[in-house]
Amino acid sequence: MVKVVVIGAGISGLSAGIYAARAGFDVTILEQHNIPGGLSTSWSRKGYYFEGGMHWLTGSSPKMPLNKVWHETGALQDNNPVENRDPLYNLIDENGKTLSLYRYLPQMQKALIDYAPEDKARIKKMCREIRDFTNFHMPVLDTRGCKCKNPVKINPLEFIKMLPAIMRVPRLINTSYMEYVSRFKNKNLRHLLSSVIGYRYNALSFIYTLGSFASGDCGYPAGGSIRMAQNMLETYKALGGKILFRTKAENVHIEDYEVKGVVTSAGEELEADAVIISQDARAAVDTLFDTMIDEPWVNTMRHKAVTEQNIFIGMGVKADLSRLPYCCVYPLEKPFEYAGCKWKELRIYNYAAYKDHAPEGCTALTCLLIGESYGFWKAAKADGTYKDKKKELADLFVKALSQFIPEVGEALEVIDVATPCTYERYTGSYEGSWMSVWQKGGKQYNYPQILDSIFGVYFAGQRIQMPGGLPIAVYTGRQAVQFLCRDFGEEFV
């Protein structure tokens, strides 16, 4: 049997492992952490469970082509039914009035116009754009030259339905997300719309995201990141796949331009005919090889990757906050600033309705502070102030949030801060990032997953196709194995 080593047990690594094992390869996954999931992760602190990875899942709808991949990999099963949360975001204004973003477009349009009639024309235009994107999605295709047992059948109608959205793409790409939102007159409407994705993206990313919600996609599987990753791990093991936790890949052994093995942090070398690198490709190309990888697509990625980073804050509050909606957006009169970043609103995820996230009568809250903060935290690591600055941020954040949720200041039992350095430490992700920023006017870089100079090296993961995230992770894991099957003459199952 052809021996394959997969580096990383994140979503892309598990996907690759599952498809490779199903195709008959002898597969071993190496994972430096003690749990699967990679960047799609969660953790517990003093009885509180913090969802640190997934807030919605692209491809959760049975109507989406990607849904088949999630089921093939075992990610979606009977034990994690999908919930389509609605409303999506809820801004609570200075008068205690709630402004909500809904999935159902007529409901969204009416709610926004009722709150901000001065923006009626622009709201209607935005809803038309969102409607066009309800049929816009990532197709699942097969790799040319790969023999597939069940090849994907191309339906031309699927692509014809996307044409209205495609016509809007050039203008939206050349408009920044913040430029798009700034055109609305009502300040609270601007705050609400600004909370959907990271500030640095183009307007296409914003409209596409809301279009996906409006299509009935992007639900939340019960149990979140960990249950989904565990489902995939169990699927992989049932196929005979092997996994080594707490085992970091240090080097890919190459001889005569072919893969020979993978050297681990324990100093052992695992024999391999091929390796699928699901660790962040931007970091892997510079750390896993003795000789610098000098190929056009690799060099493009080195120079063009703009990383999306975040500071994650998890809070355990000894109070029942079920009076508040799932996702609360609080506009700030004065921006919250830290680590070289500035946020104009706080987006709080409230897990009061999820009883397994906190002790009885208590609530787990989380917040993502999205922005380019890696350099700040890396410098703090270097000068020894890292822990102090994490505490300083936590204290400032609690003070800022307490003006909206008094219980945070009065009954806080635990607070946990994860920085880009945290994600870098546990996953090896480049700059601790979990996506690539697709900026205004920027090109969407999609990379080929293979090397011309070395036989048997394949890449998978969120960095391979912009902007990244869970759908790209699971899809590129599948694609990497199709390249593997093509090169080794095996049938993709």
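The values are calculated or read from the model by the stated rules, or taken from the named source; none is laboratory data. As the structure is a prediction and not an experimental result, all values here were calculated from the model. Every residue, glycine among them, receives a Cβ derived from its backbone with ideal geometry; neighbour counts consider all protein chains shown. Accessible surface is based on the protein model in full, side chains and every heavy atom, while ligands, DNA and RNA are left aside. Shrake-Rupley method; radii C 1.70, N 1.55, O 1.52, S 1.80 Å.
What's the longest bit of the chain with no exposed GluC sites (Glu not before Pro), using DSSP loop states and at most 16 other Cβ atoms within 10 Å as the test?
The answer is 95-267.
What's the local net charge at Ile293, with K and R +1, D and E -1, over the other residues with C-beta under 13 Å away?
-3
Would you grab the residues whose amide H sits under 5 Å from the one on Phe492? Only those 5+ places off in sequence or on another chain, please, with H modelled 1.01 Å from N.
Amide H to amide H, under 5 Å and 5 or more residues apart or across chains, Phe492 pairs with Lys147, Cys148, Lys149.
Please compute the net charge surrounding Asn174, taking Lys and Arg as +1 and Asp and Glu as -1 over other residues with Cβ under 12 Å from its Cβ. Walk me through the numbers before you get to the answer.
Working: positive: Arg168, Arg171, Lys440, Lys443; negative: Glu179.
Combined, the nearby Lys, Arg, Asp and Glu give +3.
Would you work out which of Asn299, Gly37, Met167 lies farthest towards the positive end of the dipole of the chain? Charges go on Cβ: Lys and Arg +1, Asp and Glu -1.
The listed residue farthest towards the positive side: Met167.
Take the alpha-carbon positions of region 12-110, form their convex hull, and give its projected area averaged over all directions (one quarter of the hull surface) in nm². It would help to have the intermediate numbers written out before the result.
Values: hull surface 41.6 nm².
Taking the Cα atoms of region 12-110, their convex hull projects to 10.4 nm² on average.
What does the highest-first list of 7-13, 184-190 look like by mean Cβ count within 10 Å?
Ranking, from highest mean packing down: 7-13, 184-190.
Any idea which of Gly489, Gly261, Tyr208 is furthest toward the positive side of the dipole for the chain, if Lys and Arg beta-carbons carry +1 and Asp and Glu beta-carbons -1?
In the chain, that residue is Tyr208.
Taking only protein heavy atoms and a 1.4 Å probe, what accessible area per residue, in Å², does region 432-493 have with all protein chains in place?
Working: 1950 Å² over 62 residues.
In whole numbers, region 432-493 has 31 Å² accessible per residue.
Per residue of the chain, what 222 nm ellipticity follows from adding -39500 (n - 2.57) for every DSSP H run with n ≥ 4, rounded to the nearest 500?
For the chain, the value works out to -10500 deg cm²/dmol.
Please work out the ratio of the alpha-carbon Rg of region 195-347 to 2.2 N^0.38 Å and round it to two decimals.
Dividing the Cα radius of gyration by 2.2 N^0.38 Å gives 1.46.
In a Debye calculation with equal point scatterers on the alpha-carbon sites of region 307-417 and no solvent, what is log10 I(q)/I(0) at q = 0.15, 0.16, 0.19 Å⁻¹?
Cα-only, vacuum Debye calculation for region 307-417: -0.65, -0.74, -0.99.
Which lysines have a Cα less than 26 Å from the Cα of Lys185, not counting those fewer than 8 places away in the same chain?
Cα-Cα hits under 26 Å: Lys97, Lys110, Lys120, Lys124, Lys125, Lys334, Lys342, Lys344, Lys440.
For Glu83, which sequence-distant residues (separation of 5 or more, or a different chain) have an amide H within less than 5 Å of its own amide H, given hydrogens modelled in the peptide plane?
When sequence neighbours closer than 5 places are left aside, the close amide H contacts are Tyr220, Ala222.
Need the list of lysines near Lys242 for cross-linking: C-alpha distance under 29 angstrom, and skip anything on the same chain fewer than eight residues off.
The reachable lysines, counting only those whose Cα sits under 29 Å from Lys242, are Lys3, Lys68, Lys147, Lys149, Lys260.
Nearest 20 debye, what's the magnitude of the dipole of region 41-192 about its Cα centre given +1 on Lys and Arg Cβ and -1 on Asp and Glu Cβ?
420
Summing Lys, Arg as +1 and Asp, Glu as -1, what charge do residues with Cβ under 14 Å from the Cβ of Glu250 carry, Glu250 excluded?
-3
Residue by residue, what Karplus-based ³J(HN,Hα) values in Hz, rounded to whole numbers, does region 420-427 have, using 6.51, -1.76 and 1.60 with θ = phi - 60° and x for Gly and Pro?
Those phi angles translate into x, 5, 5, 5, 4, 5, 8, 10 Hz.
Enumerate by residue number the chymotrypsin sites (Phe, Trp or Tyr not before Pro) in region 240-338 meeting two conditions: DSSP loop (anything except H, G, I, E, B), and at most 14 other Cβ atoms within 10 Å of the site's Cβ. Provide the component values of the computation, followed by the final result.
Details: sites: Phe245, Tyr257, Phe289, Trp297, Phe312, Tyr326, Phe336, Tyr338; in loops: Phe245, Tyr257, Phe289, Tyr326.
When the chymotrypsin sites (Phe, Trp or Tyr not before Pro) of region 240-338 are filtered for loop state and at most 14 Cβ neighbours within 10 Å, Phe245, Tyr257 remain.
Can you compute 3J(HN,Hα) from phi for each residue in region 250-267, using the Karplus curve 6.51 cos²θ - 1.76 cosθ + 1.60 with θ = phi - 60°, rounded to whole Hz and x for Gly and Pro?
Values, residue by residue: 9, 7, 9, 7, 10, 9, 6, 6, 9, 6, 10, x, 10, 8, 9, 5, 8, x Hz.
Residues with amide H under 5 Å of Gln279's amide H, sequence separation 5 or more or different chain, H placed in the peptide plane at 1.01 Å from N; which?
Under 5 Å from the amide H of Gln279: Ile7.
How long are the semi-axes of the equivalent ellipsoid of region 366-422, defined as square roots of 5 times the Cα gyration tensor eigenvalues? Whole Å, largest first.
Each semi-axis is the square root of five times an eigenvalue, giving 24, 12, 9 Å.
What list of ³J(HN,Hα) couplings, whole Hz, do you get for region 186-193 from phi and the Karplus terms 6.51, -1.76, 1.60, once you set θ to phi - 60° and write x for glycine and proline?
Going residue by residue, I get 6, 5, 6, 5, 4, 4, 4, 5 Hz, with x marking Gly and Pro.
Computing the accessible area with a 1.4 Å probe over protein heavy atoms, can you report the carbon and sulfur percentage for the chain?
Details: 10560 of 20640 Å².
That fraction is 51 percent.
Just to check, using Stokes-Einstein with a Kirkwood Rh over alpha carbon pairs, what's the diffusion coefficient of the chain at 25 °C and 0.890 mPa s in µm²/s?
Taking Rh from Cα pairs, D becomes 105 µm²/s.
How do 200-210, 457-467 rank on mean C-beta neighbours within 10 Å, highest first?
457-467, 200-210
Placing +1 at every Lys and Arg Cβ and -1 at every Asp and Glu Cβ, with all other atoms neutral, what dipole size does the chain have around its Cα centre, in debye to the nearest 20?
1880
For the ranges 105-114, 382-391, what's the packing order if you count other beta-carbon atoms within 10 Å of each residue, average per peptide, and put the highest first?
The peptides rank, most packed first, as 105-114, 382-391.
Would you please name the trypsin sites (Lys or Arg not before Pro) within region 14-93 that are DSSP coil residues with at most 15 other C-beta atoms within 10 Å of their C-beta?
Filter output for region 14-93: Lys46, Lys63.
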